[in-house]
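Please read the structure below before turning to the comments.
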Amino acid sequence: MDFTLSEEHLMAQQMVRDFAEKEIAPTIADWDRRHEVNPDILPRMAELGILGINIPVRYGGQGFDYITLALVCEELERVDTSLRVIMSVHMGLNSMALLQWGTEEQKQRFLVPQAQGEQIAAYALTEPDAGSDPVSLRATARREGDTYILNGEKMWISLATKADNILVFAKTDPHAEPAHRGITAFMITRDMKGVTTGDIHGKLGVRAGSTGWVAMQDVEVPTEYRIGEEGEGFYIAMSCLDNGRYTVGAGAVGLIRACLEESVKYANERHTFGQPIGHHQLIKQKIAYMQQWYDAARLLILRAGWLKNQGQRNTRETAVAKWFATDMSVKAGLEAVQLHGAYGFSDEYPVERYLRNAKGAVIYEGSSEIQQLIQADYALGYRTDRPLRCELPAYDADFWQSE
Amino acid sequence: MTQGALVWIEQFNGQPTAASWEALGAARTLAPDGPVIAAVFGQGVGDAAQEAIKRGADTVLLADDATLADYRFEPYVALLAQIVEEHQPAIVLAAATVAGREVMAGTAADVGGGLLTDVTELSLEGGKLQAVRPVLGGKALSVEAIVGDGSQFVTLRPRAFPASEPDENRSGEVVAVQPPLAEDAIATKIEATQETGGAISLTDATIIVSGGRGVGGPDGFGPLRELADALGAAVGASRAAVDAGWIPYEHQVGQTGKVVAPDLYIAVGISGAIQHQAGMRTAKVIVAINKDPEAPIFKLARYGIVGDLFEVLPALTEALRQRLG
Amino acid sequence: MHVVVITKSTPDTAAAVTVQGDGTIDWGDSLVVNPWDEYAITEAVLLKGNHNGTATILTVGGEEQQEALKHGLAIGCDQAIRVWDDALAGADSFAYAEAVAAAIRKLGDVDLVIFGREFADTATDQHIYQVARKLGWTMLGSVANIEALDASAKTIRVARMIEHGTQTISSKLPAVISVLKDINEPKYPTFIGIRKAAKAEIPVWSAGDLGLDAAALQPRAEHVRYQALPAREGAVEIIEGASAQEKAAKLVDKLLEEKVL
């Protein structure tokens, strides 16, 4: 088994690391403190091609593989979670859905400009009353000839006020039996009549990130913008999570690493009882655990990425990686704050921001509780994967890299 | 036969640079029996030639020509190479200024001599120059030596060697030399020169003077800036001073500001909390000026003065102006 | 128009450095592209873009230099060349300059050679000026801005930083220049460039390929050994004196002794 990353992987990772460190890191704590979004970030990520990193060149992307996506997310979240959230919704949940389920026309209309960074993408499944139970969503899509009329309200939508294209889920058949077969996926654009968006403030974490709501009032959506078939929306939404979760887990790996790196630095600088605190055993314990969590979480994510590269179904493996990495990122945040003592309690050091950011990831994209149910059901045989009508394409270097 | 020393004296607007006298001093030390020749290039630089003699040159080769009025690489190298080939000095010295480094490297290449650049210690071992110079961001010293025959070239780090003092009773001869390149053989033309007192960036600075809470207010940075001017230093600040609005954030040194690694860091009215230390602890020499003898900064500093910074800073500025000129 | 940028991988100056008892040095072997070269590489890529030309990145060194060359390709250089030969193992700036000049002549049709201001690890720049002399080309050092460049008329005009300020200088091409941080904002590698760099096969030119024999590459200076900095004593030296003036004078003495002024 070859665990080495290729030269391309390493160079791409280094490039994103340099960008995030040089251009974002110096001011991100400030934006976070003000609960404001740095408006330079999206255009820069677009300019550098990061927003299309693993999309084929022929669809406007950079032609790198799924493992590279994980490495990019790790480096982005190491600086701040809000950077990785962009990748999660723009790439993981929306663009990769188009790659998997979109028609050629839909790829040209949406995927190409998104991969080029000319349009920003988001994903709207969650509603005020529907989170862990997405099947109970209330948004509706009434068909009238060649148009669907969409109504509903989506909440906790990252990039809601920034996105051009939003992948939304609504019920074309509110009375379907079973209920999940009534859900259909649509791409709407924020400039459609009847679409309004707004920002949500007052979050515990990811304060430098854009989170908001999307309201649809009699929005007219042409059938060309329906993704997949009527009644297929639930399967599409779940497959999107395979990719969204992947980026969340990969980002959490970066968050654990950030906690570890900051803690190591502090442990070598701070002196108590006449020596650097890294010499004290209970401090060593915290460092040791963070190291372990980083190693394990990273390997779980890379395995999931490898499966995606092979074109193999990876729902369970990605889910367990997301669950483990995000849970451990919260623990790493707690340990890092504790290790920093009073300084960990102050925003003069970044670790309190890491902790606050980490707490979001164990809630969204399938809470840790949902993840446990998933793993148990696979293990108990109550859940198996049935083949999907469209699968995420395996990474093929020639296809991805040629024009 | 190679013997004696040749020193290239740099001048700007007719004024010889202080660092040139350090090179001349080193030449006299390495070649006490002489002859020590000074080479002066420029236009209307007769006075500089006279001063070179007062400061230790036995002979001054004076090239006073319009083509040499301002430093340019090609004519200066051509002339110095010509001089070295004619006089065959055992060692050739100059200060490691921007021009000095260029001229000496170019000349060494032309005559096929070895070159040691920007040295802080210098000696002769068995007739061969041996020098010490800082490397790896100033974290180590490299001992280097010339090998082979021929003239040996060395440039000296400014302020690392003592300047030779003028002796009014010294005399010597001034010999006129002709530069080999006429103006139309020189491709490089200087179109304009703008002398500026530009602000030095913190991360590039070799000397930083930083102010903290003890400075008391934006006006408190006044004496600090004067000291910085006298030192050619950049101005830094602790987070306390920046948060209080006394100085812009771009001057902040520390955990949430800039990390700096100058040769000399003077912390004025800064207590030295760990977040500030994180930004400057790798400075080669740290000086702390604070009225509180218990301030943590004194544990990190190499030298300290306990006192009122508003008395110490002006005294320090004055002392520097006197000593450095 | 053909621009050549010269680069080198250097030890990361942020690394901890230990001088061993035998005069050798240990810095942990982590190499970075010479920080000044980021500006040189970016300038080469910008120039080739603006003048519809090509950019070559070149280094003198062993296999550990590959990364710096790949970095240059990833930013946008068209080709990379590595010069190496056992005869260059103890090279001083003179031998280095001989090799680089020969490589430039072998490349042929070069208009501009760009160096970063100095090698950060050795803090030396003499190789730049010596390359210019070996080629017999114009040398413009410490360039803060290229104001004009005409490859067909073979002219160049730059702003150069000197101790006292800035000079505007015009000269002829071909030229050798060294650049400062003011000259541009370093580019990141592009993803397309990264892919190209990863796939690149970089040729190695030996002394024989350059038509140089061992005699031509004889160094004139050598590194003898490393020395640790004088040990920093633990306790601070508080400067005493009857007056602020007395303390100040003593401090200035100390600082001159430390050679940090």
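A few points about this structure:
- Database remark: amide H of B:Thr117 closer than 5 angstrom to the amide H of B:Thr155 (H placed geometrically; neighbours at sequence offset of 5 or more, or on other chains; Pro and chain starts carry no H).
- Considering only Cα atoms, the convex hull volume of chain A works out to 138 Å³ per residue.
- Set of lysines with alpha-carbon distance to A:Lys193 below 22 Å, sequence-local pairs under 8 removed: A:Lys154, A:Lys162, A:Lys171
- FRET efficiency for A:Glu118 and A:Asp199, using Cβ-Cβ distance with R0 set to 30 Å, rounded to 0.05: 0.85
- Test item: C:176-182 mean partner chain Cβ contacts at 10 Å: 1
- Degrees separating the helix A:368-380 axis from the principal Cα axis of chain A, which is the longest one: 70
- Prolate/oblate/rounded label for region C:2-217 (Cα gyration tensor, a/c 1.5): rounded
- Quotient of C-alpha Rg and 2.2 N^0.38 Å, computed over chain B: 1.14
- Peptide C:158-169 has a mean shielding of 6, counted as Cβ atoms of other protein chains within 10 Å of each residue's Cβ.
- 55 Å tail of the calculated P(r), the protein assembly as shown, as % of Cα pairs: 25
- Cα-based helix-to-principal-axis angle, C:244-258 vs chain C, degrees rounded to 10: 50
- Relative to one another, the C-alpha centroids of region B:169-195 and region B:260-312 are positioned 46 Å apart.
- Compactness ratio for region A:136-184: Cα radius of gyration over 2.2 N^0.38 Å (N = residue count) comes to 1.25.
- In order through region A:144-155: 3J(HN,Hα) via Karplus (6.51 cos²θ - 1.76 cosθ + 1.60), integer Hz, x for Gly, Pro: 9, x, 9, 10, 10, 9, 9, 9, x, 9, 10, 9
- Were the residues from A:Lys284 through A:Asp385 laid out at 0.36 nm apart, the gain over their Cα-Cα distance would be 32.1 nm.
- Think of region B:207-324 as having a plus end and a minus end, set by charges on the Cβ of Lys, Arg, Asp and Glu; of B:Ala288, B:Ala244, B:Leu224, B:Ala288 sits farthest toward the positive end of this dipole.
- Relative contact order computed over region A:177-297 (Cα-Cα under 8 Å; 6+ residues apart), in percent: 24
- Antiparallel %, DSSP beta bridges [both residues in the protein assembly as shown], to 5: 50
- Between B:Ile289, B:Ile190, B:Ile208, the Gaussian network model of chain B with springs among Cα atoms under 10 angstrom shows the greatest mean-square fluctuation at B:Ile190.
- Loop GluC sites (Glu not before Pro), region B:68-127 (other Cβ atoms within 10 Å of the site Cβ: 10 or fewer; DSSP): none
- With 26 Å as the limit, the listed pairs B:Lys128/C:Lys259; A:Lys22/B:Lys291; C:Lys8/C:Lys254; C:Lys181/C:Lys250 have A:Lys22/B:Lys291; C:Lys8/C:Lys254; C:Lys181/C:Lys250 beyond it between alpha carbons.
- MRE, 222 nm, helices only [DSSP H, n ≥ 4, -39500 (n - 2.57), over chain B, to nearest 500]: -8500 deg cm²/dmol
- Counting Cβ atoms of other protein chains within 10 Å of each residue's Cβ and taking the mean over peptide B:282-292 gives 3.
- Reach of B:Lys54 by Cα under 15 Å, taken over aspartates and glutamates that are not fewer than 8 positions away in the same chain: B:Glu22, B:Glu165, B:Asp167, B:Glu168, B:Glu173
- Degrees between helix B:73-87 axis and first principal axis of chain B (Cα, 0 to 90, nearest 10): 50
- For region B:207-324, the square roots a ≥ b ≥ c of the C-alpha gyration tensor eigenvalues yield an a/c under 1.5, which makes the shape rounded.
- Label point 7 Å beyond Cα of B:Leu324 along Cβ direction - residues of region B:224-254 with amide nitrogen under 13 Å: B:225-235
- Candidates A:Glu127, A:Glu262, A:Glu177: whichever shows maximal mean-square fluctuation once chain A is modelled as a Gaussian network with Cα springs under 10 Å: A:Glu177
- Hits among aspartates and glutamates - C-alpha to C-alpha of A:Lys286 under 18 Å, sequence gap 8 or more where chains match: A:Glu261, A:Glu262, A:Glu269, A:Asp295, A:Asp327, A:Glu335, A:Glu352
None of the figures in this text is laboratory data; all of them are computed from the coordinates on show. Everything numeric here is computed off the predicted structure, so don't read it as measured data. Because the Cβ atoms are built from the backbone with ideal geometry, glycine has one as well, and the counts that use them run over all protein chains shown.
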